[in-house]
Amino acid sequence: MSDTRAPGGEPALARNPVSIAGAWLTTLSVFAFATYLGLDAFGLLASPYAGMFGFLLIPALFVLGLLIIPIGIWIEGRRRAKGHQAWHWPLIDLGERRTRVVATAIVGLTLLNVAILAVAGVGVVHYSETNSFCGQICHTQMEPEFTAHQLSPHSRVNCVDCHVAPTAAGFVTAKMNGTRQLYELVAGTYSRPIPSARHRMPVPSVTCEGCHSPMSPDRQVMRVFREHKDNEASTEIATSLTMFSGKAHWHARPDVVVEYVASDATLTTIPYVKMTTNGQSTEYFAEGVTAPPAGQPLRRMDCLDCHNRPAHTLASTPAQVVDAAIVRGEVSTKVPSVRSEMVEALAEERPADVDGSRAIVERLTKVFGTSTPEARQAIEAGERLYKQNVFPRMRITWGTYSNQLFHVDNTGCFRCHDDTHTVKGDAEKKVKQDCDLCHKEE
């Protein structure tokens, strides 16, 4: 192999260990990236960390190699400047065939490098918007949200479809939030549990209403709520209710403006409500409140004020998940007192250093035994229900996150519809607590 030399007979400044290492790093990164794309195209990379390797680590090494090359040249130039050889700008004579070949190679390689960086950049953006990146890279922090999302009716909806507004401003905002979250992850300063992202969510008109039409014609939706008694047979109790969808969604009508002030971060306590229809405004104050609380924002009510956990619902009580598991056929009532025993096992408080899922398995095994398929199925269900709703490392247990869609375990509609929010000076005008406004019992 011939030695490339600069004018004057000395080797070119790029002929130094640092620049050569940078060139090798860049070249190997190109081959590694091409290999990754090939493996990914054939579906051979199933791990969520593969994308982090292919679209983050490899491009970073590629750019590092490109930076190292001129650094090596600079270092070599300084070294030679201390001796007899001074730095000279290279003479470029396009009349010489060798110079044209080198220039053509540099231009070609530069274009290739730009193309690689462009593809990698698109890949980085695309991968950072996948559900696996959002939920599995930050495993401990986002495990509760990722687990709940997989079990929700929105499991096929991508995280970014709800959390990122489909605009340039929304994209920039999301990346800024992501940078902050990355810092909190590295520094270990993230909240435990992760607080609700309600105040950072895009308005539902650009997310939720892409699929849902709350202003569709009023429908009567009948639903059967199935619970079970805490007796030996776990007897079922069924309650049928009809809901008028148009009445429930009245708060989100475009010709109606319902605004409120909450005095807590979870938006549970609402001392002030303002309703505007046909240009006329009416103010309602909770008992003992005479003016809107100072220092709190006035919020316009929308989908997320009731559907506040649409894709990340965690159960408020063990009874909820056990009843649902019995209805789905995952737990058999042939097991004596299966409902009460499972609820007690799931609700039991344990020290932080105790493995909750193992403790549940041990307790239910002691109570049910393992001699029948139904008993073994109930034990497995108990462990699974615990892991789907309780995350000790993130300080999440039953009811940590309130779900305002209903008003059984949380206040829900009754945050305002409690008969105590009245018009100042006219107690007869109030936000009524009347079930018939939305329901009728069958």
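Values in this text are rule-based calculations from the coordinates and carry no lab data. Computed from a prediction, not measured in an experiment: that's the story for all the values here. FYI the Cβ positions are ideal-geometry reconstructions off the backbone, even for glycines, and counts take in every protein chain you see.
Could you list Asp40, Asp161, Asp434 in order of exposure, starting from the residue whose Cβ has the fewest other Cβ atoms within 10 Å?
Details: Asp40 15, Asp161 18, Asp434 10.
The fewest-first ordering by Cβ neighbours comes to Asp434, Asp40, Asp161.
The residue list Val172, Val256, Pro271 was ranked by how far each Cα lies along the charge dipole of the chain toward its positive end, using unit charges on Cβ atoms, and Val172 comes out on top. Over the range 17-128, the pair-distance histogram of Cα-Cα distances with 10 Å bins from zero comes to 13, 33, 29, 16, 8, 1 percent, rounded to whole numbers.
By the count of other C-beta atoms within 10 Å, a proxy for reagent exposure, Arg97, Arg309 are ordered fewest to most as Arg97, Arg309. Candidates Gly288, His312, Met301 compared by Cα position along the dipole of the range 273-317: farthest toward the positive end lies His312, with charges placed on Cβ. For the chain, modelled as a Gaussian network with Cα springs under 10 Å, which listed residue fluctuates most, Leu405, Leu28, Leu314? Most flexible of the set in this elastic network: Leu28.
Coordinate range of the alpha-carbon atoms in the chain per principal axis, descending: 98, 69, 40 Å. Taking the longest Cα principal axis of the chain as reference, the axis of helix 356-368 is set at about 40 degrees.
For Asp419, what is the net charge nearby, where nearby means another residue's Cβ is under 13 Å from its Cβ and Lys, Arg count +1, Asp, Glu -1?
Working: positive: Arg415, Lys429, Lys430, Lys432; negative: Glu287, Asp418, Glu428, Asp434.
Result for the neighbourhood of Asp419: 0.
Take the alpha carbon gyration tensor of the range 125-235, find the square roots of its eigenvalues, order them as a ≥ b ≥ c, and report rounded if a/c is under 1.5; if not, report prolate when a/b exceeds b/c, else oblate. Oblate is the answer for the range 125-235, as a/c is 1.5 or above yet b/c matches or exceeds a/b. The Rg/Rh ratio for the range 209-341 is 1.10, where Rg is the radius of gyration of the alpha carbons and Rh is the Kirkwood radius. With the Cα gyration tensor of the range 282-354 giving a ≥ b ≥ c as the square roots of its eigenvalues, does the rule (a/c under 1.5 for rounded; else a/b larger than b/c for prolate; else oblate) give rounded, prolate or oblate? Since a/c reaches 1.5 and a/b is larger than b/c, the shape of the range 282-354 is classed as prolate. Each Lys and Arg Cβ is given +1 and each Asp and Glu Cβ -1; about its Cα centre, the chain then shows a dipole of about 1880 debye. If one takes the longest principal axis of the Cα atoms in the chain, at what angle in degrees, from 0 to 90 and to the nearest 10, does the Cα axis of helix 58-81 lie? Taking Cα atoms only, the helix is inclined about 30 degrees. Applying the criteria of a DSSP loop state and at most 16 other Cβ atoms within 10 Å to the chymotrypsin sites (Phe, Trp or Tyr not before Pro) of the range 380-409 yields Phe406. The overall shape of the range 132-190 is oblate: from the C-alpha gyration tensor, with semi-axes ordered a ≥ b ≥ c, the ratio a/c is 1.5 or greater and a/b is no larger than b/c. Annotation: Cα Rg of the range 342-442 relative to the compact-globule expectation 2.2 N^0.38 Å equals 1.65. Springs between Cα atoms under 10 Å define the GNM used for the chain, and in it the highest mean-square fluctuation of Val124, Val186, Val361 occurs at Val186. Note on Arg226 and Ala359: the model spin-label points, each 7 Å out from Cα along the C-beta direction, lie 3.1 nm apart.
For the range 318-394, the Kirkwood hydrodynamic radius from C-alpha pairs, put into Stokes-Einstein at 10 °C and a viscosity of 1.306 mPa s, yields a diffusion coefficient of 129 µm² per second. Comparing Thr140, Thr207, Thr104 in a Gaussian network model of the chain (Cα springs below 10 Å), the most mobile by mean-square fluctuation is Thr104.
Ordered by the number of other Cβ atoms lying within 10 Å of each residue's own Cβ, fewest first, Thr189, Thr282 fall into the sequence Thr189, Thr282. Axis of helix 338-347 versus longest Cα principal axis of the chain: the two differ by about 50°, to the nearest ten degrees.
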